[in-house]
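Before any comments, here is the structure.
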Amino acid sequence: LGAERRARLPPGEMGWPLVGGMWAFLRAFKSGKPDAFIASFVRRFGRTGVYRSFMFSSPTVLVTTAEGRKQVLMDDDAFVTGWPKATVALVGPRSFVAMPHDEHRRIRKLTAAPINGFDALTGYLPFIDSTVTSSLRAWADHGGSVEFLTELRRMTFKIIVQIFLGGADQATTRALERSYTELNYGMRAMAINLPGFAYRGALRARRRLVAVLQGVLDERRAARAKGVSGGGVDMMDRLIEAQDERGRRLDDDEIIDVLVMYLNAGHESSGHITMWATVFLQENPDMFARAKAEQEAIMRSIPSSQQGLTLRDFRKMEYLSQVIDETLRLVNISFVSFRQATRDVFVNGYLIPKGWKVQLWYRSVHMDPHVYPDPTKFDPSRWEGHSPRAGTFL
């Protein structure tokens, strides 16, 4: 960089050769105290809001303030996506984590309606409702204890496979679930592609996932060519049909990588967040009683002619929404995201050199007492009538 540019870098340390700050990072998360990693930078270098380190095989600037994160996320000229190569290899080069901005916008626009559109959600809700209900009954009838997170992950995976792949048979569902479990272990490991390491197993799992999804996709395209309809419309059908204003459709690689990304994000995060929300409500009986009363009031308001929940009922769940937002603030499954500087740029007065990676630490703001008073306390009421300032809740 040269002496002049080096002098303008954020404070910090690059750590050991090759390893950098990864040992400290992994140690903090495995200890159950994830905030200890950034706290060590604050303790040694002060509250500068940006720090330098060597992370995921790259020189990196860690951004920990709302203002800094907002600047990086909003400046599409100075920053592009910068996820680690290992993550891109596992999720897929045609997924959101590796796309240039224009292509990201096109794919996001094409997939928004199939995933979160009113028609899509209306179609998914009855199956979600019935699956959760039947799962709760099965656990209650079990007669003993159940391993809660394991059962939640199975339940959310069953839901997400139904939403994405419709009537996938049990063999396909089991094959996908095994592969996704192995893929997840690799997402949280160092990128060491040697026998016996989790990352190598995750690469193998991705190849299996792609083969299964390609097989289903080939069957769908062959059925369409013959004019055969499979009945209900699922996510894969909607992605096959999606086209932009120029009439361009998604190719097979794009559909598969989008499905790999959403299947992974959908069931893993949903299972963990549901577990934590349950834990927090069990620890706070008054909040549990209020959430339960809201649900019972909604159930009483449903006309006898209506089968199951509707989106209209779902939108009445105001207190439950506050519980979920507070759970997401306190646990924050997606604790960090990655960018890369396309040119020299300054954040908080410090230089981020061209080509350096940038890590945006969401937890640092969510747990900042200057942003959220008493941040370690689970308090859904902090969201009552509160609209978070831009950049403070991600």
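The values are calculated or read from the model by the stated rules, or taken from the named source; none is laboratory data. Everything numeric here is computed off the predicted structure, so don't read it as measured data. Ideal geometry is used to build each Cβ from the backbone, glycine not excepted, and the neighbour counts take in all protein chains shown. Areas reflect the complete protein model, heavy atoms only, side chains present, ligands, DNA and RNA absent. Shrake-Rupley method; radii C 1.70, N 1.55, O 1.52, S 1.80 Å.
Annotations for the structure displayed:
- Placing +1 on the Cβ of every Lys and Arg and -1 on the Cβ of every Asp and Glu, with nothing else charged, gives the chain a dipole about its Cα centre of roughly 1180 debye.
- For segment 169-212, alpha-carbon Rg relative to the globular expectation (2.2 N^0.38 Å, N residues): 1.15
- Placing a label point 7 Å from the Cα of V42 along the Cα-to-Cβ line, the residues of segment 372-394 whose backbone N sits under 14 Å from it are 372-377.
- Nearest-ten-degree value, helix 148-165 long axis tilted from longest Cα axis of the chain: 70
- Kirkwood-Stokes translational diffusion coefficient of segment 200-310, alpha-carbon pairs, 10 °C, 1.306 mPa s, µm²/s: 87
- Segment 30-43 - phi-based ³J(HN,Hα) in whole Hz, Karplus 6.51/-1.76/1.60, Gly and Pro as x: 6, 7, x, 10, x, 6, 5, 5, 5, 4, 5, 5, 4, 5
- When the square roots of the Cα gyration tensor eigenvalues are ordered a ≥ b ≥ c, the ratio a/c for segment 83-131 is 1.5 or more and a/b does not exceed b/c, which makes its shape oblate.
- 0 to 90° range, to nearest 10: angle between helix 198-225 axis and the chain longest Cα axis: 40
- By average C-beta atoms within 10 angstrom, highest first, the peptides 379-385, 242-248, 327-333, 299-305: 327-333, 379-385, 242-248, 299-305
- Segment 7-27 and segment 284-328: distance between their alpha carbon centers, rounded to Å: 45
- Accessible-area composition of the chain, carbon plus sulfur, in percent [1.4 Å probe]: 55
- Per residue, the convex hull volume that the Cα atoms of segment 101-263 enclose (Å³): 149
- Rounded to the nearest 10 Å², the accessible area of H370 at probe 1.4 Å: 150
- Rounded to the nearest 20 debye, the dipole size of segment 101-263 about its Cα centre is 360 debye, using +1 on the Cβ of Lys and Arg and -1 on the Cβ of Asp and Glu.
- In this entry, the chain is assigned a mean projected area of 23.0 nm², taken as a quarter of its C-alpha convex hull surface.
- Given charges at beta-carbon only (K, R positive; D, E negative), |dipole| of segment 158-218 in Debye: 240
- M187 accessible area, 1.4 Å probe, all protein chains in place, Å² to nearest 10: 60
- Zone of D368's modelled label, taken as backbone nitrogen in segment 72-90 under 16 Å from a point 7 Å along Cα→Cβ: 72-74
- Each peptide in 252-264, 208-220 receives the mean, over its residues, of other Cβ atoms within 10 Å, and ordering these scores from highest gives 252-264, 208-220.
- Nonlocal amide H pairs with G82, under 5 Å, H built at 1.01 Å: F338, R339, Q340
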